[in-house]
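The values are calculated or read from the model by the stated rules, or taken from the named source; none is laboratory data. This is a predicted model, so every value here is computed, not measured. Backbone-built Cβ (ideal geometry, glycine too); neighbour counts: all protein chains shown. Keep in mind that these areas ignore ligands, DNA and RNA; they rest on the heavy atoms of the full protein, side chains included. Shrake-Rupley method; radii C 1.70, N 1.55, O 1.52, S 1.80 Å.
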Amino acid sequence: MKPEHRGIGMTSQRTRERMVKRLQEQGITNMRVLDVMRHLPRHIFVDEALASRSYEDTALPIGHGQTISQPYIVARMTEILLETDTALDKVLEVGTGSGYQTAVLAKLVRSVYSVERIRPLQDSARRRFQELNLFNILLHHSDGTWGWQDHAPYDGIIVTAAPSQIPESLLEQLAMGGRLVTPVGGHQQKLTVITKTPAGYEQQVVKQVTFVPMLSGLE
Ligand code: SAH
């Protein structure tokens, strides 16, 4: 890790401990998720000017009109994704953004495939993964509405921008028993979990959320 990223003051280990304690108070119970978030430096995923705020429970701007998701949402979505009997081999993420959610996943599953439509965000995320020695992440500059067919099926899919309706391609690219965790809707979005079962798709709504919208085309 570069010296300037080691963390002092507001970006230190103690600050992360406080964030994890707050996540537990908010109801996050998966110890593996909490442990990863306790050690992963979230401050390197935002602009240096915002680093001191990076452990607050809030979304922060990352440029190009996008935001890094708040820690609670990252923890909750990851926890839901991991709530299966079997270990996760392949996970698809739509919306790499800063790469923070990607990095959390990379510590918990075998391979992460992440799609982002804005090239400069993808480039910055890639540099962060290199700095953190995360080698089990594959990035793709593409419109994630179509998923990433080349590596399908996925044991889990996580979507970090809100589509108005769940894209059919993402459902198709789920493995049997796999879960899709995604916000759905326009202004009022619902965090939704879809499980693919032999009897069909099971749907469960978790809570109301606010994400940036899923957009089409590339930047
Ligand atoms: N997990 C990210 C969230 C970033 S915000 C983080 O915590 O940093 C959502 C991201 O989804 C943005 O980077 C946005 O550009 C991206 N996005 C929106 N629509 C998309 C699409 N159709 N395909 C791929 N990425 C998309």
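Relative contact order, whole percent, for the chain stands at 15, derived from Cα pairs under 8 Å and 6 or more residues apart. Extent along the principal axes, Cα only, for the chain: 52, 37, 35 Å, with the longest axis given first. Applying the criteria of a DSSP loop state and at most 13 other Cβ atoms within 10 Å to the chymotrypsin sites (Phe, Trp or Tyr not before Pro) of region 41-141 yields 135. Here the gap between residue 50 and residue 21, fully extended at 0.36 nm per residue and compared with their Cα-Cα distance, gives a gain of 8.3 nm. Spin-label pair residue 29-residue 205: with each label point 7 Å from Cα along the Cα-Cβ axis, the two points sit 2.4 nm from one another.
For residue 107, the lysines whose Cα falls under 19 Å of its own Cα, not counting residues fewer than eight places away in the same chain, are 90. Here the extension length gained between residue 141 and residue 176 equals 10.0 nm, from 0.36 nm per residue of separation less the Cα-Cα distance. Rounded to whole numbers, the Karplus 3J(HN,Hα) couplings from phi for region 108-116 are 10, 10, 5, 9, 10, 10, 10, 10, 9 Hz, using 6.51 cos²θ - 1.76 cosθ + 1.60 with θ = phi - 60°, and x at Gly and Pro.
Using a probe radius of 1.4 angstrom, the carbon and sulfur fraction of the accessible surface of the chain is 49%. Fully extending the segment from residue 83 to residue 38 would add 14.2 nm, taking 0.36 nm per residue of separation and subtracting the current Cα-Cα distance. Using the 1.4 Å probe convention, the accessible area of the chain works out to 48 Å² per residue with neighbouring protein chains retained. Under 5 Å from the amide H of residue 189 lie the amide H atoms of 209, each residue being 5 or more positions distant or on a separate chain, with H modelled from the backbone and absent for Pro and chain starts.
Per-peptide packing, taken as the mean over residues of other Cβ atoms within 10 Å, places 77-84, 117-124 in the sequence 77-84, 117-124 from highest down.
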